[in-house]
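Below: one structure, written as structure tokens.
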Amino acid sequence: MSVKLRKDLVVLTILMLVAGLVLGGCGQKKPEAPKEPEKTVIRFAHWRGEDKAAFDAIIKKFEAENPTIKVEQSIEGSEKHDTKILAEFQAKNGPDVFAVMPGARFANVVKGGWFLDISGEKFLEVVKPHLRLPGQDGGKQYAVPYQLVLNDPVYNKAIFEKYKLEPPKDWKGFLALCETLKKNGVTPIIFDSEIGPGQFMNPMLMNNMPSDDALVKVQKGELKLTEDWFVTTLKQFKELNDKGYFQKDVLGTKKAGAAALFAQEKGAMLAQGSYMMASNKQANPNLKQGLLAPITVSADKMKYEGIHTATFMIAVNKDSKNVEAAKKFMAFLFKPEIAAEYANATGQMLTISGVQYKTEELMEQAKWLEKKTLFQPRYMITVSEVEKAIVNSIMDVIGGMAPEKAALKAQQEVDRVIKK
Amino acid sequence: MRKYWPLSFFILPGLLMYVIFFVFPAISALGLSLTDWNGITPERNFVGLANYKEMLTNDPIFAQTFGNNIKYMLFVVFFQTLFSLIFAMMLVKNSRMNVFYRALFFLPTIIASISVAFIWIFVYDPSIGSLNTFLTKLKLDFLIQSWLGDKNIAIYSIAVVQCWAHIGQVMVIFIAGLQSIPKSLYEVARIEGATPWQTFRHVTWPLLAPSATIVVAYTTLQSFKAFDLILAMTDGGPSYATEILSLFLYHQAFNNYKFGYASATAVIFMLIVASITLLQFRILRANKVSY
Amino acid sequence: MAGVKLEGVAKHFKGAVAVAEFNLDIKDGEFLVLVGPSGCGKSTTLRMVAGLEEPTYGRIMIGNKDVTKLEPKDRDIAMVFQDYALYPHMNVYHNLAFGLKLRKMPKNEIEERVKMAAEILSISHLLERYPRQLSGGQRQRVALGRAIVRNPQVFLMDEPLSNLDAKLRVQMRAELVKLQRRLKTTTIYVTHDQTEAMTMGDRIVVMKDGYIQQVGTPEEIYHEPANLFVADFVGSPSMNFLEGELCTEEGCIWFKAQGIRVNLRNSLNLEELNENKVVLGIRPEDIYLHRPSPEKVCEELLCQTELIEDLGSEKIVFLKIEGQELQARLRDGAAPVTVGGNTPAYLNLNKVHLFRKSTGKKILFRGR
């Protein structure tokens, strides 16, 4: 037999084997594992891989209290999480309990009609009413924020003390603060291009906006970005940039690079948010941090002291086969003592009242529960192109474009997207 | 032909896979591109060619994106081919040292592009990045750039990373091509008195044409399909300066939830890639060499 | 035109000796063949003459010029390779013209020379073709043409016919010799094929393990092999060898092996030889199976016939005697032999060679 023919035979045999496996695989089903008697299994889908251990501990307690329920976690990265659960909902195979971000992503799930209406559930009462707002649509409560984030710059207390500085009360004060820092060779604000504009725009806008839902109106075409309030905000960004209050090359700086600079105490403020405090502390255990927001108007015109975002909203799938078990698990998460366990294990501040925080950073953040804060305006935008246009206009200004021109460019993009 | 028909069963598994994973999605993308589906709700409306019209006539971002693709492609194809050829010629002999260097140059290829991106984000960082620090130490401050922040150079900064990551891979193709050129051709050229440049010009380069065509074809496609690197390094920013078609498509679908529009982009994208591939294989066929 | 002189040329590769010491004076216009098994150093020697390898020791002269340190292009040589080494992307014309173009020769002269070379090799009709469109023989001609157009002082050929099939090889062999006679260009030709060497060379250099074994005309090499290796390497079928001892009996020298006694009918001072273990060699055509005419001095041995190969014009008879094998070559018309029987075999004593078993060197004993 010639070698070539033999080779052909080998290939043929392999092909047949593969074909057999493929075809055979279609017909068969794996033998089902023997069921544990009468255990209800619910699935909890979220994107916080770093909290897996904390949730495992909580789930263990929950299962001990409810021996008939078993909870599984399914975790994806935050971008993939959304895509995945949306696909699963469409296939009627969604998670029973799931986390969702406020804003456009929340709106998507509302559009699909996959939320269970949990209005009036008793376990919600531990969350202050204004913090429940992001999970509402059309007067119904669909999801409840679990974590509370303050989207205000983090500042280095030691540096402030060294130059005898206090968080300012108006725009003049803020500029003077920056000037003092700069004169002393300290970078006043560390600002990155990756998440910075999306974060810092909120406190910069909160007192300039004609109404709290101004950005929603922009998206509806009722307000324009070319109007004074927005152009003024861009001008203020320009002022900070032109006066050298940001570190050099903002546009080339990424989130991690900015955080590293702050942790190395090379700058006084980090224009990101409270969620950075724990990791900053980890990078530099000597760091003493506080939160402050720039007040872009005079003290008497101030409406808000800062920005908050109620996020990591938890909801129940309307199509869940185990709605009761799912609700039970959700209620468990909102018990203050359980929430405290989670908060202290993960370093996250929560929306839930009566939680005892243990770390310095969390106690610092907890003070802000008493302050006048506005829900993050950026999250009220539900059309992501509009959000991107606004963020880009800030970067354009930092890149040297005139504020009026950047505002016009952003408005043109908004017009293009929302026409119809 | 008829007596071979039972053999057609053997291609069935492959054919099925092709149909399920390629033909079917391609056709359904074509269908979706004519609708305004948002990817979430089941409802979708037929809108005809509106998506295409919007994209090709009224979307400045799409136009910019396409331009970015061209810039990216030209840079990557030129420099990646040039440098991989230079390295291949330096490392063509199978000495122990050369094999070591080849492996070293190949290494970035097997690193996940996300990791590559993170390495380079730190290289390019304006304040703590090694590149600018290095330039400062060499007293070359005037060369310091906002590598990923400057709209005019960000796309090239990423293109450099793409080259860095893939030069080793392409170099291997060139080395294989160089090694398949019979040594005696070089000896004849030497006896006939060709200078090193003449040898390259008249012997190496023409005989390397098939490898070079493969490399250029591969690199072009690779540059069009570049995605994860840019996603991780700039996500298309600043101000869409590094947004390329694949990223644009992704943003339309998964950030803006415009699946219909994204599908239309996908169709255009597919057409572009297919026509480039076709063109290049035509050239490849013309450049065939047999000894 | 010029001769080539190699003086003490040696080549070592990382401690391994490829060519030990090569001394040779090649005359102007001579066709010299280097022959030997692979790894004997013949190609390395050729490549040193070409300038592709630098000798570790020694000196190479072409004409009166010392070229040892010169680049190949400055030696005025042309080389033909085993794989032809044609440029696949150039047609025949450009393959031939490439070297001339590099030397900045005027266009009309290039054309003239290419035309002439093509005519000599009868490939004029192929000038527009590409190498892949040519047969092996045609490619070989083009490769030769490329050597001819340059009109060099020396042709160097490295196994140029090995890639051709047997029939074409025989044909090209003759053509190559005719061509060389016509051009009178000094040629050094490397081959591992002893038939090629015997049929083509004015002189042959037999090499082994980097050493020259023998230099001589084909007749000298065939009839007076200097040692066991040359005797074995040249000739097909190769020489028969019997191992044994020499001794003196009844005033004569006898060769004795187990069960074999051959009276060499010759005198030889065994004391001078100071060694009596020898190998007796005899070519197949010098063994007869019928009683030869009396003027041929022969020794008769009784053998068994094992096998007969009939080649048409001649027969090769495989014989066995006391466990040792012999081959006899019978011309056409010689007495037929049957397989399996006993037959007397007659060894022509005038054609017997003796070699020392220890060194393989020839023992001169036929004083005649």
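Annotations
- Some residue of region C:341-353 being in a loop (DSSP other than H, G, I, E, B), in the same structural domain as C:R283 (by TED's automatic domain parsing) and at pLDDT below 85: yes
- Qualifying residue in region A:130-152 (condition: among the small types (G, A, S) and either touching a Cys at 6+ places or on another chain (Cβ under 8 Å) or over 26 Å from A:G49 (Cβ atoms) (or both)): yes
- Looking at B:A209, B:A232, just one residue is in contact with a Lys or Arg (Cβ under 9 Å, 6 or more places away or on another chain) and either surrounded by fewer than 20 Cβ atoms within 10 Å (Cβ to Cβ) or among the small types (G, A, S) (or both), and that residue is B:A209.
- Within region B:167-203, restricting attention to residues that are of a type outside the set (A, V, I, L, M, F, W, C), more than 8 Å from every other protein chain (Cβ to nearest Cβ) and surrounded by 19 or more Cβ atoms within 10 Å (Cβ to Cβ), the residue that is nearest to the chain's Cα centre (by Cα) is B:Q169.
- Within region A:46-101, the set of residues being in contact (Cβ under 8 Å) with a residue 24 or more places away in the chain, loosely packed, with under 15 Cβ neighbours inside 10 Å and closer than 21 Å to A:I118 by Cα comprises A:K92 only.
- Given (1) crowded, with 19+ Cβ neighbours inside 10 Å; (2) modelled with pLDDT of 90 or more; (3) hydrophobic (A, V, I, L, M, F, W, C); (4) in a helix (DSSP H, G or I), number of the condition A:I118 does not satisfy: (4)
- Selection within region A:212-232 - within 23 Å of the chain's Cα centre (by Cα) and either among the β-branched types (V, I, T) or not in a helix (DSSP H, G or I) (or both): A:D212, A:D213, A:V216, A:V218
- Cβ-Cβ under 7 Å pairs, at least 6 apart or on other chains, region C:210-233 side in the same structural domain as C:G15 (by TED's automatic domain parsing) and assigned to a strand (DSSP E or B), far side crowded, with 20+ Cβ neighbours inside 10 Å and β-branched (V, I, T): C:I212/C:V205; C:Q213/C:V206; C:Q213/C:V230; C:Q214/C:V206; C:Q214/C:I221; C:Q214/C:V230; C:V215/C:V205; C:G216/C:I204
- Where a residue in region A:343-360 is assigned by TED's automatic domain parsing to the domain that holds A:M330 and its partner, wherever it lies, is among the aromatic types (F, W, Y), with Cβ under 7 Å and at least six apart: A:A343/A:Y357; A:N344/A:Y357; A:L350/A:Y146; A:T351/A:Y146; A:I352/A:F334
- All of (1) at negative phi; (2) surrounded by fewer than 20 Cβ atoms within 10 Å (Cβ to Cβ); (3) of a type in the set (K, R) hold for C:K14 with one exception: (1).
- In region C:82-112, residue nearest to the other protein chains (Cβ to nearest Cβ) [restricted to those that are part of a loop (DSSP other than H, G, I, E, B) and surrounded by 21 or more Cβ atoms within 10 Å (Cβ to Cβ)]: C:A85
- Residue under evaluation B:K93, criteria (1) over 27 Å from B:K258 (Cβ atoms); (2) assigned to a helix (DSSP H, G or I); (3) away from chain A (no Cβ under 14 Å), criterion not met: (2)
- The helices (runs of 4 or more DSSP H) falling completely within region B:5-70 that include 1 or more residues that are out of contact with any Lys or Arg (no Cβ under 8 Å at 6 or more places or on another chain), touching a residue at least 12 places away in the same chain (Cβ under 8 Å) and within 14 Å of chain A (Cβ to nearest Cβ) map to B:50-58.
- When region B:253-268 is limited to residues that are at pLDDT 85 or above and either among the small types (G, A, S) or under 26 Å from B:P210 (Cα atoms) (or both), the one that is nearest to the chain's Cα centre (by Cα) turns out to be B:A266.
- When the test is whether a residue is among the charged types (D, E, K, R), at pLDDT 80 or above, part of a strand (DSSP E or B) and surrounded by fewer than 17 Cβ atoms within 10 Å (Cβ to Cβ), C:E306 passes it.
- Subset of region C:48-60 that is outside any helix (DSSP H, G or I), on the phi < 0 side of the Ramachandran plot and surrounded by 17 or more Cβ atoms within 10 Å (Cβ to Cβ) - its residue that is nearest to the other protein chains (Cβ to nearest Cβ): C:L52
- All positions within region A:129-144 that are part of a helix (DSSP H, G or I) and surrounded by 16 or more Cβ atoms within 10 Å (Cβ to Cβ): A:L131, A:R132, A:P134, A:G135
- Considered as a group, the residues in region A:236-293 that are within 19 Å of A:N151 (Cα to Cα) and aromatic (F, W, Y) include one that is modelled with the lowest pLDDT, and that residue is A:Y275.
- Complete set of residues in region A:395-420 that are facing chain B (nearest Cβ under 10 Å), closer than 20 Å to A:K243 by Cβ and in contact with a helix residue (DSSP H, G or I) (Cβ under 8 Å, 6 or more places away or on another chain): A:M395, A:D396, A:I398, A:M401, A:A406
- Yes/no for C:R141 being crowded, with 17+ Cβ neighbours inside 10 Å, closer than 22 Å to B:G193 by Cα and away from every other protein chain (no Cβ under 14 Å): yes
- Residues located in region A:403-420, provided they are touching an Asp or Glu at 6+ places or on another chain (Cβ under 9 Å) and without any contact (Cβ under 8 Å) to a residue 60 or more places away in the chain: A:K405, A:K409, A:E413, A:R416, A:V417
- Looking across region C:277-296, the residues that are surrounded by fewer than 18 Cβ atoms within 10 Å (Cβ to Cβ) and not in a strand (DSSP E or B) come down to C:E285, C:H290, C:R291, C:P292, C:S293, C:P294, C:E295, C:K296.
- For region A:324-381, a residue qualifies if it is hydroxyl-bearing (S, T, Y), surrounded by 21 or more Cβ atoms within 10 Å (Cβ to Cβ) and over 30 Å from A:T40 (Cα atoms), and the qualifying residues are A:T373, A:Y379.
The values are calculated or read from the model by the stated rules, or taken from the named source; none is laboratory data. Predicted model only: the values in this text are computed from it and were never measured. Backbone-built Cβ (ideal geometry, glycine too); neighbour counts: all protein chains shown.
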